[in-house]
1. If one computes P(r) from the Cα atoms of the range 66-196, what percent of pairs lie at distances over 27 Å?
2. Per residue of the range 127-138, in order, report the coupling 6.51 cos²θ - 1.76 cosθ + 1.60 (Karplus, θ = phi - 60°) as ³J(HN,Hα) in whole Hz, putting x for Gly and Pro.
3. Can you give the Rg/Rh ratio of the range 53-125, where Rg is from the C-alpha atoms and Rh is the Kirkwood radius?
4. Would you pull out the residues with amide H under 5 Å of I69's amide H, same chain only if 5 or more places away, H placed 1.01 Å from N?
5. Work out from phi, with θ = phi - 60° and the Karplus expression 6.51 cos²θ - 1.76 cosθ + 1.60, the ³J(HN,Hα) of each residue of the range 145-155, listed in order in whole Hz, and give x for Gly and Pro.
6. In terms of modelled amide H atoms, which long-range or inter-chain residues lie less than 5 Å from the amide H of F144?
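What follows draws every value from the coordinates through simple rules; no lab data is involved. None of these values were measured; they are calculated from a predicted model.
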Amino acid sequence: MMRIRPHWAVCAHRNQETDLRDPTPAATGLPQSPEDGPTVELHILQQGASAADVEVTRENPYGLNPDPIPQEWILEGTPTARRKLLVGSSDNLASTHMWDCTAGQFNWYYEGDDEVIYVVEGSVVIGDEAGVRRRLAAGDTFLFPAGSRFHWTVPHYIRKIAFMRSPLSRKMRLAKAIYNFVTFRRGKASTGLASN
């Protein structure tokens with residue numbers, strides 16, 4: 001006959017039943033801190049991954065890919081940048097990326113896209129071409145307009161979400177405005193709202 005236990009009485013950690021009424025690490029069998037017991041790294045090793053794979057997984061939990069900063073932009077240090085495309089628009093005019101970078105100083109040229117960033121972790125001091133400096137930290141947002149250049153000083157580490165958009169040329173904005181006007185007028189005419 002199968003015995004049914006209350007949901008609070010069993011823990012599947014380490015493939016053993018554990019009474020969770022006593023929440024101490026000794027009673028539950030759960031590690032007190034990540035150093036005290038099995039971690040994701042151990043699970044990966046048990047599946048045949050190498051120690052190098054474990055190190056990469058721990059240091060790169062978001063699956064970011066190398067995105068080297070052009071050497072001629074680097075002013076000091078050896079900043080290492082990584083990036084991952086999160087989503088892109090169907091017209092390829094907008095995209096969202098996760099990006100991180102280690103300590104260093106470099107210039108960044110925003111050649112073709114406007115970029116709005118949201119700092120997730122760490123900090124950076126940015127300076128524009130006029131010499132105005134600003135510190136950005138976790139929770140801050142900032143717009144880098146297309147065609148601008150900023151000096152970046154990353155003291156330790158930064159991780160950001162970047163929302164990038166290719167701005168339309170003046171001619172394309174005018175064409176879009178005319179199209180929207182004609183479409184709007186046509187829509188009003190078909191519903192009987194247009195007046196002569």
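1. On the way: 2867 of 8515 pairs.
Above the 27 Å cut-off, the range 66-196 has 34 percent of its Cα pairs.
2. Values per residue, Gly and Pro as x: x, 8, 5, 7, x, 6, 10, 8, 9, 10, 10, 3 Hz.
3. Working: Rg = 13.7 Å, Rh = 14.0 Å.
Using only Cα positions, Rg/Rh for the range 53-125 is 0.98.
4. It is A81, by chain and number.
5. x, 4, x, 9, 10, 10, 8, 10, 10, 9, x
6. E115, V116, I117
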